[in-house]
Amino acid sequence: MNSSGGNRRKLTTGGGISDAAFSPDGTRIIYNKVATGGLADLFVMKANGTNVVQLTRTATVEEQFPSWSPDGTKVVFELSKPVGGSPYRTPCGPPTGS
């Protein structure tokens, strides 16, 4: 789409897509899409709709509301479980450094 709102075109296929956010430099888009088991996973693509990469593949939790770090090298998102789901744990390694 150009700055006046013309020349729009669809970049994705299917439904269940939400929470899209452009990278700070405007070259990539991160979004969530209903995927495995009806829960949302994260995807990233170039701003022109090419090079789609699935970032997460979780069957018991979903990732929502992604956002980019100011320099565009990291993303942050909300991890949630479906209502009535079992609790989940995220393993953490030992701290590094001295």
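Looking only at residues of segment 8-23 that are in contact with a strand residue (DSSP E or B) (Cβ under 6 Å, 6 or more places away or on another chain) and in a loop (DSSP other than H, G, I, E, B), we find that the one that is modelled with the lowest pLDDT is G16.
Going through (1) in a loop (DSSP other than H, G, I, E, B); (2) within 16 Å of the chain's Cα centre (by Cα); (3) of a type outside the set (S, T, N, Q); (4) at pLDDT below 85 one by one, E78 falls short only on (1).
For segment 30-44, the criterion of being modelled with pLDDT under 90, exposed (fewer than 12 other Cβ atoms within 10 Å of the Cβ) and of a type in the set (F, W, Y) is met by none of the residues.
The values are calculated or read from the model by the stated rules, or taken from the named source; none is laboratory data. Nothing here was measured: the structure is a model prediction, and the numbers come from that model. Positions of Cβ are generated from backbone atoms using ideal geometry, with glycine treated the same way; all protein chains shown enter the neighbour counts.
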